[in-house]
1. Compute the Cα gyration tensor for region 165-278, then decide on rounded, prolate or oblate, letting a ≥ b ≥ c be the square roots of its eigenvalues: rounded whenever a/c is under 1.5, prolate when a/b is larger than b/c in the other cases, and oblate in all that remain.
2. Report the label-to-label distance for residue 292 and residue 364 in nanometres (one decimal), using points 7 Å from each Cα along the Cα→Cβ vector.
3. Between helix 237-248 and the chain, what is the angle of the helix's C-alpha long axis to the longest principal axis, kept within 0 to 90° and rounded to the nearest 10?
4. What residues have an amide H closer than 5 Å to that of residue 138, excluding those fewer than 5 places away on the same chain, when H is modeled at 1.01 Å from N in the peptide plane?
5. Treat each spin label as a single point 7 Å out from the Cα along the C-beta direction, and report the residue 47 to residue 578 distance in nm.
6. Averaging sequence separations of C-alpha pairs under 8 Å and six or more residues apart, then dividing by the length of region 81-238, give the relative contact order as a whole percent.
7. Identify the residues of region 502-518 with backbone N under 13 Å of a label point that sits 7 angstrom from the Cα of residue 591 along the Cα-to-Cβ direction, or state none.
8. Please list 3J(HN,Hα) in residue order for region 537-550, calculated via the Karplus relation 6.51 cos²θ - 1.76 cosθ + 1.60 where θ = phi - 60°; whole Hz, with x for glycine and proline.
Amino acid sequence: MNQKNIDLLINSIPDYIFIFDLETKKILRVNEKVLKDYGYSEEELYRMTYPTLHPENERKKVIKNIEKLQNGIYFYHHQQKNGKLIPLGISFSKVNFAGKKAVFSIARDISEWKKEWDKLKESEEKYRFIVENSPDGIFVMDFKGNVLSVNPTVCEKLGYSEEELVKMNFCDLVPPKYFKQWKKRIRKLLRGEILNIPAEYEVIRKDGKKSWIEVRSTPIRKGGRIVGFLGVARDITEKKQIEEKLHREHKLLQTLINNIPDSVYFKDRENKFILVNKAKAAHHNTTPEEMIGKTDFDFLPENEARSAWQDDEYVLKTKKPLIGKIERITRADGKKYWLSVIKIPLTNDEGEVIGTVGISRDITEQIEAQKSLKETFETLDTLINSIPDLIYFKDTERKYIQVNKAFEKFFRLNRKEIIGKKDEEILPSDLAKYCIKSDQKVLNSKKTLRFVEKFKNPNGEIIIFETVKTPLFDDKRNLIGIIGISRDITEAKKVEENIKLQKAFFQSLFENSPEAIVTLNKKGLIEKVNTKFTELFGYSLEEIKGKDLNELIIPEELMEEAKQLDKNALQETISVETIRKRKDGTTFPVSILGAPIYIDDKVVGYYAIYRDLTEKKKMEEELIQSERLSTLGELIAGIAHELNNPLTTVIGYSEFILSMKMNKKELM
């Protein structure tokens, strides 16, 4: 291939291409994308050394990596002329260029990928199920190498079930030559180090075949103690195969196209493949050699092949590139994949179009990640909208970023009127002031706090909210906002106030009752007495609380009667007159009214009301005496009336004596 077509190929790559002297690190060649995005002129770049493109804090590491020239992808930054940093995934390969030992470097801008990844990580923090759908293998091990848990990707890649894997050890999965490396990393994990630099291992699948993985690890703490580690394993089998292939290749063009994870292919004017890279062939489960001379119709379903053929014809006829077209294709495994496609015309030295150059990038993960993220937020939206409480999310500036329907309904606002606004812009002023203070407390303390918020609605009614506000963090524990849940407890507060009022009312009745009152549990132990009880029996509550009432105020001869009354009072209302005993040992007559105490329809005890009958009994005795004296007066009057009739007097007196049935003492 002539120099012009080599330049055309380099310039058609959407990544940044650098060729620099291995010894001096002086830049020898770049592609047009570097000139376009970095802001340097070609002359400026060719006066520079490659490491100076990196920030100063990365240069030593970069130089070491260049000197080692190990296969792999390194994550660094390049600094544009305006000072802006570009996050990149960079590979280095040793080549011969213009008779010199040189390094061929491909740098891919991973800014968009990083943004998508950060979004997914945030989503993963909130919704753990994303682990199950991760394209990477995720596992947990203890420090003896025992597998504790795995995600479906690990099972899929290794061919084992989860039940089989949790019975296995690290040593069952890798060749012995990796044991030393593994133990070294274990020691770092035990020191609490997070191993972001991946370790590469060969793993033995269930079918006996070997795959390559790279593993990043982080320690797991429980109760402040490191008990194991979490590993994220990415299948790099294809990458390792490409790296091994590149290691054997010496031609610049072959090195270039096989070091790109995207599909790279060349077609002639009949749309037949004349050169493909390994990635392209792998997607169709074949080899680059097998694809030469064939068309898309030999590898894709007819409708997909026809679409690709029409795109090729468009580029051939118009001589215009086709940039960033999104296609969905079916690969050899039968699965559907999303691709971002670039097709450009391939010309000869005379400028005639002799074919096309195509680059297809697999963006399936990005598309699926976007879809998953969208579904996650839709699920969250459905969930919070089904909750009757007011739920809302705010950023660190206290601006609303999401609310549920209950929030909209309560404040009679739609979401468009709320999102991006602060409390003082949409809420009643008194409530807004309170919300600002409570938000600030949560943001300052970074702790979950509970508040009671009051305000007047447009009708002048007092509304009371019980609110829980909790800080929201991203995956790096940076504070990014607040989640709030508010519940209208106005009616509950009214009920609570009524209960307090009733309690105070009954407490007043209890304490100020003219009768002695005692409450007891089901065992007959004293729980409470009023002032009148203390006056009547001589015991204060402090003296007798928790004691058996019968042992204090029941005369010994009436103990059986008292026990029966206790049993009856737990079942029904009782009323009886009997004798009770004071603290000083004196006895006196009382009337007792007892009844069970119910809570939630269950008997929890009983109460007794005592009335002192001493005065009543005394009055009854005096009344009897009074009636007897009255009868005697009537007798005397009768005798005086009948003095003139002795016989009548004797007879009447005799009848009276017989009716009175008085004893001899009374007749004396």
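The values are calculated or read from the model by the stated rules, or taken from the named source; none is laboratory data. Because the structure is a prediction, the values reported are computed rather than measured. Because the Cβ atoms are built from the backbone with ideal geometry, glycine has one as well, and the counts that use them run over all protein chains shown. The protein model used for the area step is the full one, side chains on, heavy atoms only, and it has no ligands, DNA or RNA in it. Shrake-Rupley method; radii C 1.70, N 1.55, O 1.52, S 1.80 Å.
1. Working: a/c = 2.97, a/b = 2.49, b/c = 1.19.
Taking the square roots of the gyration eigenvalues as a ≥ b ≥ c, region 165-278 is prolate.
2. 2.8
3. Result, in degrees: 20.
4. When sequence neighbours closer than 5 places are left aside, the close amide H contacts are 151, 153, 154, 233.
5. 11.6
6. Numbers: 247 pairs, mean separation 27.4, N = 158.
Reported as a whole number, the value is 17 percent.
7. From region 502-518, the list is 515-516.
8. For region 537-550, the Karplus curve yields 9, x, 9, 8, 4, 4, 6, 10, 4, x, 9, 6, 4, 4 Hz.
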